[in-house]
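Written out below as structure tokens is the structure these notes cover.
The values are calculated or read from the model by the stated rules, or taken from the named source; none is laboratory data. Only a predicted model underlies this, so the values are computations on that prediction, with no experimental measurement involved. Cβ placement follows ideal geometry from the backbone for every residue including glycine, while neighbour counts extend to all protein chains displayed.
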Amino acid sequence: MPRMNLEGSSSIVTGGASGIGEASARQLAAAGSRVVIADLNEEKGQAVASELGGLFVKCDVSSIEDADATVAAASEMGPLRALVNSAGLGYAGRTIDRNNDPFPLDKFEFVLRVNLIGSFNMLSRAAAAMAKTDPVDEDGARGAIVNMASAAAFDGQIGQCAYSASKGGIVGMTLPIARDLSAVGIRVNTIAPGLIDTPIYGEGEQADAFKAHLGQSVLFPKRLGSGEELAFGVMECITNPYMNGETIRLDGGIRMPPK
């Protein structure tokens, strides 16, 4: 069985304006898919989309209306075959702080709303569109979805209660959703990145020194991973017809210490 052919298809990448999302969008476009960059950053999103011959849609992943508009835009460009759920954010804080005040519940809810509920929202709306397409092979395959978790789902650090909960939820829903969508030939996998060199760390000498220090805690190679390396894993999950229901740590072997 050959790899899933993405020529003439459409795909959606949330958080596609930068980092892991942008790298994934570039590799999807190189494979022949028309990519919808779904992001809140209009300037960067438009730039990436136009460079790749795709389309930018301003999208809050937790909004049903935005998700439906994104899926509709993709479906107009070709049969929707791939979704990469890369949009996400964090909010650091201990469960109770040094003054013994509790972590603000609205902040906890916000992180879960974007990372976990947003991922499910995009996934369910995209799957509904994929299910209406014609199968691409004799197995009845119609598409593939890749969610983005984090090493923090397994070894979250001090101050990562909200982020780890949101990413742990993504890991937990991967298999049952893969089982749900098996009836319509849609595969679902999750990648759990470790320390990846994305714009979150900033730029300049100080940022470079900080990233080099962080990289020393990685087993091998002793550096931060690149968005491109993460996207290699994303593309494997999308194009390998037998890859399904799995969560893959892509982290250079790191196991995060408490802090």
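Descriptive notes on the structure:
- Candidate set from region 155-181 (those that are among the aliphatic types (A, V, I, L, M), over 15 Å from the mean Cα position of the chain (by Cα) and assigned to a helix (DSSP H, G or I)); member that is surrounded by the most Cβ atoms within 10 Å (Cβ to Cβ): Ala162
- Qualifying residue in region 184-199 (condition: touching a Gly at 6+ places or on another chain (Cβ under 8 Å), on the phi > 0 side of the Ramachandran plot and part of a loop (DSSP other than H, G, I, E, B)): yes
- Being farther than 24 Å from Val136 by Cα, in a strand (DSSP E or B) and modelled with pLDDT of 95 or more is true of Ala38.
Yes/no per residue for (1) small (Gly, Ala, Ser); (2) touching a strand residue (DSSP E or B) at 6+ places or on another chain (Cβ under 8 Å); (3) under 30 Å from Arg3 (Cα atoms):
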| site | (1), (2), (3) |
| --- | --- |
| Ser150 | yes, yes, yes |
| Gly159 | yes, yes, no |
| Ser166 | yes, no, no |
| Arg179 | no, no, yes |
| Val188 | no, yes, yes |
| Pro199 | no, no, no |
| Ala212 | yes, no, no |
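Rundown of residues vs (1) aromatic (Phe, Trp, Tyr); (2) outside any loop (DSSP other than H, G, I, E, B); (3) without any contact (Cβ under 8 Å) to a residue 60 or more places away in the chain, yes/no style:
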site: Phe210; (1), (2), (3): yes, yes, yes
site: Phe220; (1), (2), (3): yes, no, yes
site: Arg223; (1), (2), (3): no, no, yes
site: Glu236; (1), (2), (3): no, yes, yes
site: Asn244; (1), (2), (3): no, no, no
site: Arg255; (1), (2), (3): no, no, no
site: Pro258; (1), (2), (3): no, no, no
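- Condition check for Ile64: modelled with pLDDT of 95 or more, of a type in the set (Val, Ile, Thr) and surrounded by fewer than 24 Cβ atoms within 10 Å (Cβ to Cβ): yes
- Restricting attention to region 94-121, the residues being surrounded by fewer than 18 Cβ atoms within 10 Å (Cβ to Cβ), in contact with a Cys (Cβ under 9 Å, 6 or more places away or on another chain) and closer than 29 Å to Ala38 by Cα number 0.
- Within region 67-118, being within 17 Å of Gly143 (Cβ to Cβ), of a type in the set (Val, Ile, Thr) and assigned to a helix (DSSP H, G or I) holds for Thr70, Val71.
- In region 124-141, the residues that are under 20 Å from the mean Cα position of the chain (by Cα), surrounded by fewer than 24 Cβ atoms within 10 Å (Cβ to Cβ) and either in a loop (DSSP other than H, G, I, E, B) or touching a residue at least 60 places away in the same chain (Cβ under 8 Å) (or both): Arg125
- Selection status of Ala47, modelled with pLDDT of 95 or more, touching a helix residue (DSSP H, G or I) at 6+ places or on another chain (Cβ under 9 Å) and of a type outside the set (S, T, N, Q): no
- Residues satisfying the stated conditions in region 195-206, i.e. under 24 Å from Met148 (Cα atoms) and either aromatic (Phe, Trp, Tyr) or without any contact (Cβ under 8 Å) to a residue 24 or more places away in the chain (or both): Tyr201, Gly202, Glu203
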